[in-house]
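Structure first, then comments.
The values are calculated or read from the model by the stated rules, or taken from the named source; none is laboratory data. Because the structure is a prediction, the values reported are computed rather than measured. Positions of Cβ are backbone-derived with ideal geometry, glycine not excepted, and every protein chain shown enters the neighbour counts. Note: accessible area is taken over every heavy atom of the protein model, side chains too, but ligands, DNA and RNA are not part of it. Shrake-Rupley method; radii C 1.70, N 1.55, O 1.52, S 1.80 Å.
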Amino acid sequence: MFGYEFMQEAFIASTFIAITAGIVGVFVVSRNMSFLSHTLSEIGFAGAAFGILVGISPLAGMIIFTLVSSIAVGSLSTESSRREASISAISSLFIGLGILFLSLSSESSSYATNILFGSIVGISAKEVHQLLILALFVIVIFIICYKPLAFDSFDHIGARASGLNTRLLSVIFLITLALSVSIGAQIVGSLLVFVLLTLPGATARYLVHSVPKLLMVSVGLSLAGVWLGLYLAFVTNWPVTFFISAFEVIAYFLGLSYKNWKLSH
Amino acid sequence: MIEVKNLTKKFGKQVVFKDVNFKIENGEFVSLVGRNGAGKTTLVKILMGLEKKTSGDVIIDHKQKIGYVPQFRNIDLDYPLNIEQFIRLNLKWTMSPKQRAEDTRVVNKILKETNLIDLKDRALGLASGGEKQKAYLAQALVNMPGVLILDESTASLDVDVKIQLMDLVQELNEKSKLTVIFITHDSELTKRYTKRALLFENKTVRPMSVDEISEDMFE
Ligand SMILES: Nc1ncnc2c1ncn2[C@@H]1O[C@H](COP(=O)(O)OP(=O)(O)OP(=O)(O)O)[C@@H](O)[C@H]1O
Ligand SMILES: [Mg+2]
């Protein structure tokens, strides 16, 4: 399958996207932001549609929309329950907007399918490079902020008590989340990007009990899903997204059963 | 030494306390007592810079590190980290193998002191209330603070566990000259472990000897 140049590029970009998603996912789950990442992917859909309408790239539209809204969310009240209600209200608005933008733009409906369901195999070399740079950017931020971010994500109260600037960390994290949603959507589509951003991280929690191990398992599951998905899609001609989501969901339930089995032994 | 001069704190128009003056010497073990809402937690947050003062001065010499065990924590049953990893959250990032070895030595020492060494691999979410409190304490200690602030760390623990935890804190206080500020609603523990108390009353703070303490100051 690597005989085709477009497959090589798709493979490299997907690999870095999977690593990013695996890392971010551990923090998304421990910060209780699975819900927000779902909403951001819907907002990303509207952003991509907006990009098409005004003639910029869907990726750029997506990044603008998710960045602005994640920072807006970050500056909202910090109380999570109230936040969830307002977020879900906003997200319905954005799905509506996305549909409006698409119907206003003259592009064909295949564009819409690409945004919603992902299209890694169809993207250009230039786009692959953009994705790579963004993924590396996110990974570098995580390396720099690893310790304080882990403290804040796994023990927010303790991190505050120790004097960390948790507000700044929250903003930094939301920026990386917005970028991860935008680039992840390029392979699995905005409809299912939260699968890649939450399931590997959630599965890892059933298996291991330290932050470095959580990161390793989550990245491993994310990579395995994406590689297997690309391979099976190449062989069968079925959509990549189907294989990735099937793999991650199965891994999740296996992890859950393992944990329950261990608790009863 | 910690010195507070004419400290006043308001939330909007609500005065929590005003003109508070006291000193805490290095190596002292004092308790902060007073009714719910009297401002104990607010005061220690101001000492740590987590809350802004309205007016007055707080002087902490040599910029001593403060270890704080907060009053509330949100650790649920699903919490994924084990006790050792939870404690390690408070360590600084380092690449140096020497520093890493030193960190591990400190972590092990504290695990032993807090009697958590055999439980270090247990998921914190599944630990008992007393084990959790010990883990919170251990996490605050791993950073080698000169001052330790315990905010209701013994509430909701049964008597044996309370004594165990307090004995441990007392030992740290005596052996390593750790200054301890103990916020509590328990008059027996106050009398047993501390010599001096700061009583929050009538919107201010009155230092007193623990012999003067009576039950009605707490409720
Ligand atoms: N962030 C805040 N904004 C507004 N009011 C606050 C805030 N934090 C505390 N207060 C108020 O300040 C007062 C003192 O609260 P504090 O938590 O310091 O009391 P406390 O002595 O620790 O009480 P307890 O014994 O119940 O823990 C209370 O009336 C509380 O409602
Ligand atoms: Mg309090």
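Gaussian network model of chain B, Cα springs within a sub-10 Å range: biggest mean-square fluctuation belongs to which of B:Ser176, B:Ser31, B:Ser153? Its mean-square fluctuation being the largest, the pick is B:Ser176.
Cα-based radius of gyration for the stretch B:175-214, normalised by 2.2 N^0.38 Å, reads 1.22. Exposure check, 1.4 Å probe, all protein chains in place: A:His156 carries approximately 80 Å² of accessible surface. Using only Cα coordinates, the Kirkwood hydrodynamic radius of the stretch A:155-254 works out to 14.9 Å. Phi angles across the stretch A:158-167 convert, under the Karplus curve 6.51 cos²θ - 1.76 cosθ + 1.60 with θ = phi - 60°, into 3J(HN,Hα) values of x, 5, 4, 4, 7, x, 5, 7, 6, 5 Hz, Gly and Pro given as x. May I ask which of B:Lys53/B:Lys203; B:Lys40/B:Lys203; A:Lys262/B:Lys132 have a Cα-Cα span longer than 18 Å here? The pairs that break the limit, which is 18 Å between Cα atoms, are A:Lys262/B:Lys132.
Averaging Cα coordinates gives a centre for the stretch A:177-217 and one for the stretch A:5-64; these two points are 11 Å apart.
Summarising the amide proton neighbourhood of B:Phe29: residues at separation of 5 or more, or on other chains, whose placed amide H is nearer than 5 Å comprise B:Val180, B:Lys195. Straight Cα distances below 16 angstrom link B:Lys45 to the aspartates and glutamates B:Glu3, B:Asp57, B:Asp151, B:Glu152, with same-chain residues fewer than 8 positions distant left out. For chain A, the convex hull drawn through the C-alpha positions has a volume of 129 cubic angstrom per residue.
Which residue, B:Thr94, B:Thr154, B:Thr114, has the most motion in a Gaussian network model of chain B that connects Cα atoms within less than 10 Å? For chain B, modelled as a Gaussian network with Cα springs under 10 Å, the answer is B:Thr94. Placing A:Phe253, B:Phe11 in order of accessible area, with the largest value first and a 1.4 Å probe, yields A:Phe253, B:Phe11. All Cα-Cα distances of the protein assembly as shown, cut into 10 Å bins from zero to the largest, leave 4, 18, 24, 21, 16, 11, 6, 1, 0 percent in each bin in turn.
Extending 7 Å from Cα along the Cβ direction at A:Ala60 and again at B:Lys177 yields two label points whose distance is 6.4 nm. When the Cα positions of A:Ser222, A:Ala233, A:Ser170 are compared along the charge dipole of the stretch A:5-263, A:Ser170 comes out farthest toward the positive end, with charges on each C-beta of Lys, Arg, Asp and Glu.
The phi torsions of the stretch A:15-22, fed into the Karplus equation with coefficients 6.51, -1.76 and 1.60 and a -60° offset, translate into couplings of 4, 5, 5, 5, 4, 4, 4, x Hz, rounded to whole numbers, with Gly and Pro shown as x.
Within 10 Å of the Cβ of each residue in A:206-212, the mean number of Cβ atoms contributed by other protein chains is 5. Per the Cα gyration tensor, the stretch B:77-144 maps to an equivalent ellipsoid with semi-axes of 21, 12, 10 Å, ordered largest to smallest.
Counting charges near A:Ala161 (Lys, Arg +1; Asp, Glu -1) among other residues having Cβ under 10 Å from its Cβ returns a value of +1. The stretch B:1-56 and the stretch B:69-84 have their alpha-carbon centroids 27 Å apart.
Inverting the pair-averaged 1/r between distinct Cα atoms of chain B gives 18.2 Å as its Kirkwood hydrodynamic radius.
Peptide B:182-195 is shielded by partner chain Cβ atoms: per residue, an average of 0 of them sit within 10 Å of its Cβ. By definition, a body whose alpha carbon gyration tensor gives a ≥ b ≥ c is oblate when a/c is 1.5 or more and a/b is not larger than b/c, and the stretch B:97-195 fits this oblate description. Of the chymotrypsin sites (Phe, Trp or Tyr not before Pro) in the stretch B:21-130, the ones in a loop by DSSP (not H, G, I, E or B) with at most 13 other beta carbons within 10 Å are B:Phe72, B:Trp93. Straight-line cross-link reach from A:Lys147 at under 17 Å between alpha-carbon atoms covers these lysines, not counting any fewer than eight positions away in the same chain: A:Lys213, B:Lys92. Put simply, the amide H of B:Val205, placed in the peptide plane, has neighbours under 5 Å in B:Asn21, leaving out anything fewer than 5 places away on its chain.
Each residue was assigned an accessible area with a 1.4 Å probe, and for A:Ser257 the value is about 70 Å².
Taking Cα centre as origin and charging only the Cβ of basic (Lys, Arg, +1) and acidic (Asp, Glu, -1) residues, the dipole magnitude of the stretch B:77-144 rounds to 240 debye. Note on A:Ile133: accessible area approximately 120 square angstrom, rounded to 10, probe 1.4 Å, nucleic acids and ligands left out. Here the Karplus relation 6.51 cos²θ - 1.76 cosθ + 1.60, evaluated at θ = phi - 60°, turns the backbone of the stretch A:140-155 into coupling constants of 5, 4, 5, 5, 5, 9, 3, 4, x, 5, 5, 4, 5, 6, 9, 6 Hz, with x for every Gly and Pro. Taking every residue in B:76-87 and counting other chain Cβ atoms within 10 Å of its Cβ, the average works out to 5. Is the C-alpha gyration tensor of the stretch B:151-219 telling us rounded, prolate or oblate? Criteria: a/c under 1.5 is rounded; beyond that, a/b larger than b/c is prolate, otherwise oblate. Oblate shape, in that a/c is at least 1.5 and b/c is the bigger or equal ratio.
Structure remark: mean-square fluctuation, Gaussian network model of chain A, C-alpha springs under 10 Å; the largest value among A:Ala85, A:Ala46, A:Ala21 belongs to A:Ala85.
Which of the three applies to the stretch B:1-127, rounded, prolate or oblate, going by the alpha-carbon gyration tensor with a ≥ b ≥ c and a/c under 1.5 meaning rounded? It is prolate, given that a/c is not under 1.5 and a/b is the larger ratio.
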